[in-house]
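Values in this text are rule-based calculations from the coordinates and carry no lab data. Everything numeric in this text was worked out from a predicted model, so none of it was measured. So basically every Cβ, Gly included, is an ideal-geometry build from the backbone, and we count neighbours across all protein chains shown.
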Amino acid sequence: MCRPATSSRRASSSSGATRVRGARAVGIAGGADKCRYVVEELGFDACIDYKQHGDVKSLSAALKAECPDGIDGYFENVGGMILDAVMHRANPFSRVAMCGMIAGYNGEPIPMSAPQLILVNRMKIEGFIVSEHMAVWPEALKELGTLVATGKLKYRESVAQGLENAPEAFLGLLKGRNF
């Protein structure tokens, strides 16, 4: 399982549940401090600092080093160069849960460098809208709550005090300033 923005609360939940089931979890985060947090606090097997890689080729090489057997599952919420690099390392019949693409939230199109990899690797890419899965929320909350209570799932919150700070907090979320 590979996951971008792994220092966020949502990422720690999805990947944490995956790790508990025995899968290797490799995170992608921006900066050495976030990568250290992802590995040391959240318990990921490894974390790649995407800021150290200026292009798809370099990031793909880093993914190859951390995922020598390729990538079977990817939870996408960033897009852009990170998605491209992951697609270059994706195994045949790998799966991508597409829940967001922050790289395109400014209205610019997000190009894909090698969309043919979807066909060649028979990848399954599926949009994932959380609100469409309300029927399983009670079960998910119970499982995640148990993982938090037993210390198997950890997270960090960023809290902004006062409504007047909401716009800056939201922009911080989009720019990776969550801690």
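Okay, here's what the table says:
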read-out	value
In segment 127-138, the residues that are surrounded by 10 or more Cβ atoms within 10 Å (Cβ to Cβ) and either of a type in the set (Ser, Thr, Tyr) or under 17 Å from Asn77 (Cβ atoms) (or both)	Gly127, Phe128, Val130, His133
Residue within segment 124-141 that is out of contact with any helix residue (DSSP H, G or I) (no Cβ under 7 Å at 6 or more places or on another chain), of a type outside the set (A, V, I, L, M, F, W, C) and within 20 Å of Leu63 (Cβ to Cβ) present	yes
Selection status of Phe170, within 22 Å of Gly100 (Cα to Cα), under 21 Å from the mean Cα position of the chain (by Cα), loosely packed, with under 12 Cβ neighbours inside 10 Å and aromatic (Phe, Trp, Tyr)	yes
Some residue of segment 159-167 being closer than 26 Å to Val38 by Cβ, out of contact with any Cys (no Cβ under 9 Å at 6 or more places or on another chain), aliphatic (A, V, I, L, M) and surrounded by fewer than 15 Cβ atoms within 10 Å (Cβ to Cβ)	yes
Single residue of segment 34-78 satisfying the filter (in contact (Cβ under 8 Å) with a residue 12 or more places away in the chain and among the acidic types (Asp, Glu)) that is farthest from Pro111 (Cα to Cα)	Glu41
Qualifying residue in segment 78-97 (condition: closer than 26 Å to Val120 by Cβ, out of contact with any strand residue (DSSP E or B) (no Cβ under 8 Å at 6 or more places or on another chain) and among the acidic types (Asp, Glu))	yes
Test: residue in segment 105-115 that is touching a residue at least 40 places away in the same chain (Cβ under 8 Å), under 15 Å from the mean Cα position of the chain (by Cα) and within 26 Å of Val130 (Cβ to Cβ)	no
Pick from segment 79-91, criterion in contact with a helix residue (DSSP H, G or I) (Cβ under 8 Å, 6 or more places away or on another chain) and surrounded by fewer than 22 Cβ atoms within 10 Å (Cβ to Cβ), ranking: nearest to Leu119 (Cα to Cα)	His88
